[in-house]
Amino acid sequence: MEDKKIIFLYSQSPRSGHNFIAEVIRSIKESETPLGLRSEIPFAPILKSYISSRNQNYKSNRASVFLDNLFIGGLREKLTDSNLSKLIKYTSFSGASDCLNLFPNDYHVISFRDPKDCLFSLFKGMNLRKSDFKTKFKRFILPFGVYQYTYSRKYAKKVLKELPDLEEFYLMRYEDLVKRDRKTLKNLMIFFNSEADINVVLKKMDEVKVINTSFYKEETLGKNIWDAQPQTGKFNPINRSGNFNILQRLGVKWGAYPLRKKMGYI
């Protein structure tokens with residue numbers, strides 16, 4: 001019988017394509033996601049909070065061992081409570097290193113998506129229908145790119161602060177999977193020690209339904225952002241700008257520049 005493993009999937013933020021990546025992983029290695037296919041579980045950030053709290057308080061090796069046995073002892077056995085491997089995904093890199101240290105023999109995958117595309121999707125999905133002063137002011141400054149720049153800059157700083165040592169993780173890019181890059185798929189299959197047929201995997205990828213995209217009206221004809229719809233010819237999540245003007249595009253470009261450079265997109 002195949003060894004049960006825990007697959008930890010870390011993505012930078014919502015709209016980063018992690019639901020699609022999770023579906024691809026499930027098509028390569030049979031696994032189940034606790035709480036349902038779409039579930040997001042902040043396991044690593046909570047683990048980080050515990051370790052940080054333990055280290056900041058009274059330091060004693062005996063106390064640390066006692067607390068670890070009390071709060072995190074037997075965690076792996078609880079997580080692998082069935083015959084299938086578990087896939088735990090969350091849209092943050094926070095706590096990824098702590099999780100790797102606690103579960104060194106399991107799978108730890110970091111997925112990247114071009115921050116520019118993530119930000120355009122986030123801006124596209126913003127709710128600006130409120131009538132309060134803050135929302136009105138936001139609507140007023142949006143055309144000038146200032147809001148996009150400041151938001152993108154904060155976004156980049158937050159993600160950069162949470163980035164772990166990438167050499168310790170399996171790194172993949174959302175764009176490579178969207179393009180059906182065979183080399184990427186083969187490497188991923190090797191990583192998971194999978195004997196799946198790559199053509200079967202590609203067929204399953206074509207059948208993945210799109211959810212959580214701000215462009216659902218334009219590209220999937222969905223009724224809302226969580227309405228799972230088949231991929232259509234209009235679905236193109238790479239290098240889209242969604243009717244943003246040149247100032248707004250520049251705001252995103254320069255605000256996210258440090259993060260895009262770190263991630264290798266420029």
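For the chain, the antiparallel share of DSSP beta bridges with both residues in that region comes to about 10%.
Label point of ARG54 set 7 angstrom out along Cα-Cβ; within the range 89-116, amide nitrogens under 12 Å from it belong to 98-99, 101-103. The chymotrypsin sites (Phe, Trp or Tyr not before Pro) of the range 45-145 meeting both criteria, a DSSP state outside H, G, I, E and B (loop) and at most 16 other C-beta atoms within 10 angstrom of the site's C-beta, are TYR58.
With R₀ set to 41 Å, the beta-carbon distance separating LEU70 from TYR170 gives a calculated FRET efficiency near 0.85.
Between HIS108 and PHE8, TYR170, the built amide H atoms are under 5 Å apart, and every one of these is 5 or more places off in sequence or on another chain. Atom-type composition of the exposed protein surface of the range 220-264 places 55 percent of the accessible area on carbon and sulfur (1.4 angstrom probe).
Put simply, when 189-199, 208-218 are sorted by average Cβ atoms within 10 angstrom per residue, most first, you get 208-218, 189-199. Backbone phi angles across the range 160-168, fed through the Karplus curve with coefficients 6.51, -1.76 and 1.60 (θ = phi - 60°), yield HN-Hα couplings of 4, 5, 8, 4, x, 5, 5, 5, 8 Hz in residue order; Gly and Pro are listed as x.
For ASP176, the shell of other residues with beta-carbons less than 13 Å away shows a net charge of +4, using +1 for Lys and Arg and -1 for Asp and Glu. Build a GNM of the chain with springs between Cα atoms under 10 Å apart, and of SER53, SER131, SER64 the one that fluctuates most is SER131.
Label-to-label distance, PHE133 versus LEU202, with points set 7 angstrom from Cα along the beta-carbon direction: 5.9 nm.
The amide H of VAL210, built 1.01 Å from its N in the peptide plane, has GLN229, GLN231 as neighbours under 5 Å, considering only residues 5 or more places off or on other chains.
The modelled label-to-label distance for the pair LYS217/ASP181, using points 7 Å beyond Cα in the direction of Cβ, is 3.3 nm. Using θ = phi - 60° in the Karplus curve 6.51 cos²θ - 1.76 cosθ + 1.60, the 3J(HN,Hα) couplings for the range 36-52 round to x, 4, 8, 5, 10, 10, x, 5, 5, x, 5, 4, 4, 4, 5, 4, 5 Hz; x is entered for Gly and Pro. Calculated from the structure at hand, percent of Cα pairs over 23 Å apart is found among (i) 58; (ii) 63; (iii) 53 as (i).
When you filter the trypsin sites (Lys or Arg not before Pro) in the range 78-174 for DSSP loop state and at most 12 other Cβ atoms inside 10 Å of their Cβ, you are left with ARG129, LYS130. Applying the criteria of a DSSP loop state and at most 15 other Cβ atoms within 10 Å to the trypsin sites (Lys or Arg not before Pro) of the range 11-50 yields ARG38. Pairs spanning more than 27 Å between alpha-carbon atoms, out of LYS217/LYS262; LYS4/LYS203; LYS183/LYS204; LYS116/LYS223; LYS5/LYS253; LYS183/LYS217: LYS217/LYS262; LYS5/LYS253; LYS183/LYS217. Net charge in the neighbourhood of TRP226 (other residues with Cβ under 14 Å of its Cβ; Lys, Arg +1, Asp, Glu -1) is +3.
Taking 0.36 nm per residue of separation and subtracting the Cα-Cα distance, full extension of the segment from ASN236 to ILE190 would add 13.8 nm. Heavy-atom accessible surface of the chain, averaged per residue, reaches 56 Å², computed with a 1.4 Å probe.
Note on TRP226 and GLU77: their simple-model spin labels are 3.5 nm apart, each label 7 Å out from Cα toward Cβ.
The values are calculated or read from the model by the stated rules, or taken from the named source; none is laboratory data. This is a predicted model, so every value here is computed, not measured. Note: ideal-geometry Cβ built from the backbone for every residue, glycine included; neighbour counts use all protein chains shown. Each accessible area value is taken on the protein alone, full model and side chains, heavy atoms only, with ligands, DNA and RNA left out. Shrake-Rupley method; radii C 1.70, N 1.55, O 1.52, S 1.80 Å.
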